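First, the structure itself, so that you have it in front of you.
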Amino acid sequence: MSDLCDFPRLLARQGVKATALRLAVLEVLGAATQALRAQEILEMIRARRRVNKVSVYRILDDFTRRGILRRLAVDDRASLYELACEHHPPHPHFQCRQCGQVQCLDPAPLSRMWAELQGPLGNRADRIDIRVAGICHKCREIAEN
Ligand SMILES: [Zn+2]
Ligand SMILES: [Zn+2]
Ligand SMILES: [Zn+2]
């Protein structure tokens, strides 16, 4: 999915300089199949280069403010981040009550609602947050065995 993303261009559109660290943050998130915690992003970047925590957290905040990233509010100590570019439209999330894992769901059900909100009524949505709670398949398997 992230093959479609052109990160240097995404940053240029925002008037942000494409530093190696900013690109690394976007690449890590582009390669992920699920939303990531700030700590996980930091560790993945650290596997490749030396970097301090504050710089990464500052980039995450800045990108969220600019709408490049989405910060998911989960009732957990840590926020989760994911790309919010046109290739990653808003979608519902499923969170397991047991292990806390958050899965990204298909964006299709939200796409119509989103399109309607940008429509003739003149509303402009910039945020949609639908979270479904339950027990994930892994935790169910453990419980049944
Ligand atoms: Zn993209
Ligand atoms: Zn679970
Ligand atoms: Zn997601």
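Please treat every number below as a calculation from the coordinates, not as lab data. Since we're looking at a predicted model, the values are computed, not measured. Here the Cβ is made from the backbone with ideal geometry for all residues, glycine too, and neighbour counts use every protein chain on show.
Can you tell me which of G122, G134, G67 moves the most in a GNM of the chain? Springs connect C-alpha atoms under 10 Å apart.
Of G122, G134, G67, the Gaussian network model singles out G122 as fluctuating most.
Using a Gaussian network for the chain with springs between C-alpha atoms less than 10 Å apart, which of these wobbles most: D106, D126, D61?
Fluctuation is largest for D126.
Could you compute Rg(Cα) / (2.2 N^0.38 Å) for the chain, with N its residue count? Don't skip to the end; give the middle numbers.
Details: Rg = 16.6 Å, N = 145, 2.2 N^0.38 = 14.6 Å.
With N residues counted in the chain, Rg over 2.2 N^0.38 Å equals 1.14.
Of P92, N52, H137, which is farthest on the positive side of the dipole of the chain, counting Cα position, with +1 on Lys and Arg Cβ, -1 on Asp and Glu Cβ, and the Cα centre as origin?
Ranked along the dipole, the leading option is N52.
Which length gain, in nm to one decimal place, applies between S111 and A20 when the Cα-Cα distance is subtracted from 0.36 nm times their residue separation?
Working: separation 91, 0.36 × 91 = 32.76 nm, distance 3.30 nm.
Using 0.36 nm per residue and subtracting the Cα-Cα distance, I get 29.5 nm.
Evaluate E = 1/(1 + (r/R0)^6) for R50 and H137, where r is the Cβ-Cβ distance and R0 equals 41 Å; express this FRET efficiency to the nearest 0.05. List each step's numbers first, then the result.
Numbers: r = 38 Å, r/R0 = 0.93.
The pair R50/H137 has a calculated efficiency of 0.60.
Let me ask something else. In nm, to one decimal, how far is the modelled label at T64 from the one at L121, with both set 7 Å along Cα→Cβ?
According to this spin-label approximation, the distance is 2.8 nm.
What range in the chain is the longest one free of trypsin sites (Lys or Arg not before Pro) that are in a loop by DSSP and have at most 12 other Cβ atoms within 10 angstrom? Before the final figure, lay out the partial values.
On the way: sites that count: K17, R48, R49, R50, R77, R97, R124, R127.
Longest site-free region, per DSSP loop and neighbour criteria: 18-47.
Rounded if a/c is under 1.5, else prolate if a/b is larger than b/c, else oblate: which is the range 1-46, with a ≥ b ≥ c the root eigenvalues of its Cα gyration tensor? Spell out each step's value before the answer.
Details: a/c = 2.45, a/b = 1.41, b/c = 1.73.
Taking the square roots of the gyration eigenvalues as a ≥ b ≥ c, the range 1-46 is oblate.
By how many nm would the segment from S79 to F94 grow when fully extended, if each residue of separation counts as 0.36 nm and the alpha-carbon distance is taken off?
Working: separation 15, 0.36 × 15 = 5.40 nm, distance 1.47 nm.
Full extension of this stretch gives 3.9 nm more.
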